[in-house]
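In what follows, a structure is listed as structure tokens, so that the remarks can point back to it.
The values are calculated or read from the model by the stated rules, or taken from the named source; none is laboratory data. In this text, all values refer to a predicted model and were calculated from it rather than measured experimentally. For neighbour counting, all protein chains shown are included, and Cβ atoms are generated from backbone atoms with ideal geometry for every residue, glycine included.
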Amino acid sequence: MDFFNAELIQERLRDPQFKFGNVEGAAEYAAVERIGSFRQNTLFVVVSKERNKNSGKPAVSKRAIAEVNFGIISVGRNYRDTTGAAALQDIGPVIGRVRNAIMGWKPHECLDPCQWLEGNVLDYDKTNLLWLDVFTTSYTIGN
């Protein structure tokens, strides 16, 4: 594998066993112009970066270990309060299901099992909440 395909993550999250409503990619995420336009119960998978895992060794040979970080953005909506506590409470089970679906899972035989790095509120507007979970995996580029 010479390129990380985020569609592998999307396919995993679309599996009916996880019961997610809608799973989209980075292009669909970028197309939304304001936070209120995000569809509730939607997940977005975005690749944040790929880098040479052996940072002391430049990738000038035919092989390199690539570390890729990707994010899964969960969309929640709540009208009960304006502090975000209720929205975060409502989206909590979704966050848990995302983590259970991805942590330790191996997206492809060439990839290492996914590890969770961090989670945080990406954006909030008193009604709509975007939560970001960041995961990492690695693989070998080249022959």
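Quick check on region 67-83. Is at least one of its residues in a loop (DSSP other than H, G, I, E, B), more than 22 Å from Asp125 (Cα to Cα) and among the aromatic types (Phe, Trp, Tyr)?
no
Within region 68-81, is even one residue modelled with pLDDT under 90, within 22 Å of the chain's Cα centre (by Cα) and among the acidic types (Asp, Glu)? Checked region 68-81: no residue is modelled with pLDDT under 90, within 22 Å of the chain's Cα centre (by Cα) and among the acidic types (Asp, Glu).
Taking the criterion of being within 14 Å of Val47 (Cα to Cα) and surrounded by 14 or more Cβ atoms within 10 Å (Cβ to Cβ), the residues of region 117-143 that qualify are Leu132, Asp133, Val134, Phe135, Thr136, Thr137, Ser138. As a summary of the residue check, Gln17 satisfies the conditions (1) within 19 Å of Phe135 (Cβ to Cβ); (2) within 20 Å of the chain's Cα centre (by Cα); (3) surrounded by 12 or more Cβ atoms within 10 Å (Cβ to Cβ) except for the one numbered (3).
So which residues in region 14-38 are assigned to a helix (DSSP H, G or I) and among the basic types (Lys, Arg), if there are any at all? Don't jump to the end; show me each part of the working.
Initially, region 14-38 is screened for residues assigned to a helix (DSSP H, G or I), giving 14, 16-18, 26-31, 35-37.
Selection gives Arg14 alone.
Look through Ala85, Ala66 and report the one residue that is closer than 30 Å to Ile141 by Cα and of a type outside the set (Val, Ile, Thr).
Values: Ala85 fails: closer than 30 Å to Ile141 by Cα.
From the options Ala85, Ala66, the qualifying one is Ala66.
Of the numbered criteria (1) more than 19 Å from Leu132 (Cβ to Cβ); (2) within 13 Å of the chain's Cα centre (by Cα), the one Ala26 fails is (1).
Could you tell me whether region 39-48 includes any residue that is closer than 20 Å to Val134 by Cα, in a loop (DSSP other than H, G, I, E, B), at pLDDT 90 or above and more than 12 Å from the chain's Cα centre (by Cα)? Checking region 39-48: not a single residue is closer than 20 Å to Val134 by Cα, in a loop (DSSP other than H, G, I, E, B), at pLDDT 90 or above and more than 12 Å from the chain's Cα centre (by Cα). Looking across region 20-43, the residues that are exposed (fewer than 12 other Cβ atoms within 10 Å of the Cβ) and among the aliphatic types (A, V, I, L, M) come down to Ala27, Ala30, Ala31. Residue check: Thr127 meets all listed conditions (1) polar (S, T, N, Q); (2) modelled with pLDDT of 95 or more; (3) closer than 26 Å to Gly36 by Cα but one, namely (2). On the stretch given as region 84-111, residues that are surrounded by fewer than 15 Cβ atoms within 10 Å (Cβ to Cβ), within 17 Å of Glu7 (Cα to Cα) and modelled with pLDDT under 95 total 3.
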